[in-house]
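Following: one structure in structure tokens, then a few remarks.
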Amino acid sequence: MSWKILLIIVLAPSVAWSAPSFLFTSFEPFGGRSQNLSQEVVTELIKLMDQAHPDWVVSSCILPVVYDRAAAVAQECLKKLDLVDTVISFGEGGCQMRLETAAHNWDQAPGFPDNDGNIRSGSPIFLGAPPHLGLRWPADQMFCALSEADQSKVLISESPGAFVCNNTAYRLAAGLSNVSLLQYGFIHVPPKSCGSSANDPAKNAAIILRLIEGAVSFNRTRVPPDYPLPHRGSKAKMPVSRVEIDHALEKNLLPCSRRFLEKLREKVVD
């Protein structure tokens with residue numbers, strides 16, 4: 001299937017909505033484990049959002065840990081909803097929360113089967129598609145909304161790996177890129193094996209709520225027409241190369257956004 005025909009049809013009005021609306025996706029347990037903390041984090045996050053922002057509209061969807069199928073289930077969940085302006089996927093990663101900025105057109109997890117037993121050892125997700133896709137969400141402003149203490153708990157990441165998380169992120173980023181105003185992002189949370197100091201679902205949900213509040217606040221501001229980073233009023237995506245980062249750094253950015261891009265530049269490999 002050509003990547004160009006992977007489209008999700010969402011009706012989005014051209015006017016601003018009175019309250020933001022979200023779809024959160026998480027993953028089922030995998031690899032013989034009894035739980036996936038991405039589910040628990042989403043549960044805690046929805047509780048916090050209902051308390052802090054009862055007017056916000058929130059839905060959730062659990063995905064299978066299966067190549068290609070996970071993104072298809074997310075699409076099915078999205079199509080059942082009347083209105084969504086932000087989709088955020090959650091998955092388990094390392095022992096530090098990771099705020100993802102891009103996804104990559106490559107499945108590469110040899111010897112590591114998904115829940116259907118599929119193993120992919122180096123193959124493109126979509127033939128002829130771009131090797132990298134920047135995610136269309138204001139990751140810089142989200143990170144900047146955190147206190148310095150909480151920023152130390154969140155890793156700025158340019159890659160969601162090469163397993164089902166990345167496969168899902170790339171497919172959804174590609175499919176949602178042409179949907180007016182819709183933003184998509186991915187957050188990795190620590191798994192159970194990392195210990196209670198890192199994997200507490202309630203504490204991680206509290207940090208993620210502040211990340212989301214930062215995005216909502218920024219999306220309600222006005223930016224110049226040529227603003228180089230994601231904003232709800234534009235189709236800009238997070239940069240995926242040093243050239244793109246350098247171009248963004250030439251623009252008028254807030255100091256924290258500039259520091260965010262400088263950190264991201266250190267990780268990006270052209």
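Quick look at the numbers
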{"quantity": "Test result for Ile208, in contact with a strand residue (DSSP E or B) (Cβ under 7 Å, 6 or more places away or on another chain) and either touching a residue at least 24 places away in the same chain (Cβ under 8 Å) or not polar (S, T, N, Q) (or both)", "calculated": "yes"}
{"quantity": "Hits in region 160-182 (condition: at pLDDT below 95 and of a type in the set (S, T, N, Q))", "calculated": "Ser177, Asn178, Ser180"}
{"quantity": "Test: residue in region 6-25 that is part of a loop (DSSP other than H, G, I, E, B), more than 18 Å from Ile212 (Cβ to Cβ), over 18 Å from the mean Cα position of the chain (by Cα) and modelled with pLDDT of 95 or more", "calculated": "no"}
{"quantity": "Residue list for region 35-61, restricted to those being out of contact with any Ser or Thr (no Cβ under 6 Å at 6 or more places or on another chain) and part of a strand (DSSP E or B)", "calculated": "Val58, Ser59, Ser60"}
{"quantity": "Among residues of region 99-118, those that are touching a strand residue (DSSP E or B) at 6+ places or on another chain (Cβ under 7 Å), surrounded by fewer than 22 Cβ atoms within 10 Å (Cβ to Cβ) and either closer than 11 Å to Gly185 by Cα or free of Cβ contacts under 8 Å to residues at least 24 places away in the same chain (or both), counted", "calculated": "1"}
{"quantity": "Residue in region 111-121 that is on the phi < 0 side of the Ramachandran plot, at pLDDT below 95 and out of contact with any Asp or Glu (no Cβ under 9 Å at 6 or more places or on another chain) present", "calculated": "yes"}
{"quantity": "Residues (buried (at least 19 other Cβ atoms within 10 Å of the Cβ) and part of a strand (DSSP E or B)) located in region 62-72", "calculated": "Leu63"}
{"quantity": "Wholly enclosed strands (runs of 3 or more DSSP E) of region 73-145 bearing at least 2 residues closer than 23 Å to Val269 by Cβ and over 18 Å from the mean Cα position of the chain (by Cα)", "calculated": "121-123"}
{"quantity": "Hits in region 147-170 - residues which are in a helix (DSSP H, G or I) and farther than 21 Å from Ser241 by Cβ", "calculated": "Glu148, Ala149, Asp150, Gln151, Val164, Cys165, Asn167, Thr168"}
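Residue by residue, here is whether (1) surrounded by fewer than 22 Cβ atoms within 10 Å (Cβ to Cβ); (2) in contact with a Phe, Trp or Tyr (Cβ under 6 Å, 6 or more places away or on another chain); (3) part of a helix (DSSP H, G or I) holds:
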residue	(1), (2), (3)
Val179	yes, no, no
Gly185	no, yes, no
Ser193	yes, no, yes
Ile208	no, no, yes
Ser217	yes, no, yes
Asp226	yes, no, no
Arg232	no, no, no
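The values are calculated or read from the model by the stated rules, or taken from the named source; none is laboratory data. No experiment lies behind these values; they were computed from the predicted model shown. All Cβ positions, glycine included, derive from the backbone under ideal geometry; neighbour counts span all protein chains shown.
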